[in-house]
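The values are calculated or read from the model by the stated rules, or taken from the named source; none is laboratory data. Since the model is a prediction, treat every value here as computed from it, not as a measurement. Every residue, glycine among them, receives a Cβ derived from its backbone with ideal geometry; neighbour counts consider all protein chains shown. Heavy atoms of the whole protein, side chains included, go into the accessibility calculation; ligands, DNA and RNA do not. Shrake-Rupley method; radii C 1.70, N 1.55, O 1.52, S 1.80 Å.
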Amino acid sequence: MILSVDIGGTTCKLGVFNNDNTLKDKWQIATNILDEGKHILPDIYQSFLNYFDEIEEDISVCSGIGIGVPGPVDFNTGILNGAINLGWSDKKSVAEEFEKLSGISAIVDNDANIAALGEQAHGAGNNADDVVLVTLGTGVGGGVVSERKLMHGSNGSAGEIGHIKVDHNERFLCNCGLRGCLETVASATGMKNLAVYHYTHHFEETIISDIISDGTVNAKDIVEAAKENDALAIRVLEDVSQYIGHALSSISAVINPKVFIIGGGVSQAGDFLLNRIEAEYRPNTFSPAAEGTLIKIAELGNDAGIYGAMELVKQYIEEN
Ligand SMILES: [Zn+2]
């Protein structure tokens, strides 16, 4: 069996996989970030121990654990360079610490990366060799699987799709300190940025004017207004699609993936978004790189991480 865990700021998602890589069980526990997050790894190990007690098996039959963490990871050493959400402010040897605790070999990667690997191997990627995941949530995240392997890059920053510059007017400041990143115009925050911008610059009438004025408008409001043919909301979604489409064109010219997978909360706009992204992507992409490339909505939801973490362990076992 293989264990996997996707550690988040509020909950940790735990999975147990059979030897044929099918999911045997999954559950989640609360993340206790008190005392600088020192309880997190022991809590996870204890929860697995309880599970194995219940099924009357010994946890030592497990061949390894994959761990996803919300921060930058040196993949070769398993050292996480801080994760504020978890109370881990300094560098932390997550793999080594878990191994000491449990005696189970651990492999650690960033949560966006493991989600990409999960979707590639077990979700919308349909096991294609080359897959890119773009997650449109509060921010824009992503992960790149090339020839079945996660790309990390020389500083572990490969797949930081949210920081591709697409808004050359540099209207909005990004969390990274730069302006014009994809994240400023294609995340939930980005949609709000654009709604406010268009409301104050171009449009007067919209059914969501009240919530735009008072600043409470969110991505879901905008998607719902667009579905009711609200001109301002449609304009926002068209902008979002255009920026994403152009980012995907650039990525295609470098990586040439078979499948782009769009995940995260904003992807719940579904075909409405997908069709518009397609319409921007196809004519603007170097045609040999766009030929046969699919753009799909993610399929695994919150389970992408545990599938990807399991896949990491599987790959490690196959190679060693
Ligand atoms: Zn940025």
Listed by first then second residue, the pairs whose first member lies in segment 152-168 and is free of Cβ contacts under 8 Å to residues at least 60 places away in the same chain, whose partner is more than 14 Å from the ligand (Cβ to nearest atom), with beta carbons under 6 Å and at least 6 positions apart or on separate chains, are Ala158/Val144; Ala158/Met151; Ala158/His152; Gly159/Gly143; Gly159/Val144
Selection from segment 1-42 of residues touching a strand residue (DSSP E or B) at 6+ places or on another chain (Cβ under 9 Å) and in a helix (DSSP H, G or I) yields Glu36, Gly37, Ile40, Leu41
Open item on the list: Looking for something part of a helix (DSSP H, G or I), among the basic types (Lys, Arg), out of contact with any helix residue (DSSP H, G or I) (no Cβ under 8 Å at 6 or more places or on another chain) and surrounded by fewer than 24 Cβ atoms within 10 Å (Cβ to Cβ) - is there at least one such residue anywhere in segment 72-92?
Closed with: no
Picked from segment 155-169 (must be modelled with pLDDT of 95 or more, within 11 Å of the ligand (Cβ to nearest atom) and assigned to a loop (DSSP other than H, G, I, E, B)), the residue least open to solvent (accessible area, probe 1.4 Å) is Asp167
Considering segment 285-316, residues that are open to solvent by 60 Å² or more (accessible area, probe 1.4 Å) and assigned to a helix (DSSP H, G or I), and then whichever is farthest from Val132 (Cα to Cα), we arrive at Tyr316
Residues of segment 178-213 being more than 21 Å from Glu224 (Cβ to Cβ), within 16 Å of the ligand (Cβ to nearest atom) and surrounded by fewer than 22 Cβ atoms within 10 Å (Cβ to Cβ), in sequence order, are Leu178, Arg179, Gly180
Taking segment 135-154 and keeping only residues that are within 15 Å of the ligand (Cβ to nearest atom) and assigned to a strand (DSSP E or B), one is left with Thr135, Leu136, Val140, Gly141, Gly142
Among residues of segment 43-62 being open to solvent by 60 Å² or more (accessible area, probe 1.4 Å) and part of a loop (DSSP other than H, G, I, E, B), the residue farthest from Gly305 (Cα to Cα) is Glu56
Reported set for segment 264-284 where residues are of a type in the set (A, V, I, L, M, F, W, C), open to solvent by less than 40 Å² (accessible area, probe 1.4 Å) and without any contact (Cβ under 8 Å) to a residue 60 or more places away in the chain is Ala269, Leu273, Leu274, Ile277
Taking segment 129-154 and keeping residues of a type in the set (Gly, Ala, Ser) and surrounded by fewer than 24 Cβ atoms within 10 Å (Cβ to Cβ) leaves Gly137, Gly139, Ser146, Gly153, Ser154
Answer yes or no: is there a residue in segment 22-39 that is under 24 Å from the mean Cα position of the chain (by Cα), of a type in the set (Ser, Thr, Tyr) and open to solvent by less than 50 Å² (accessible area, probe 1.4 Å).
-> yes
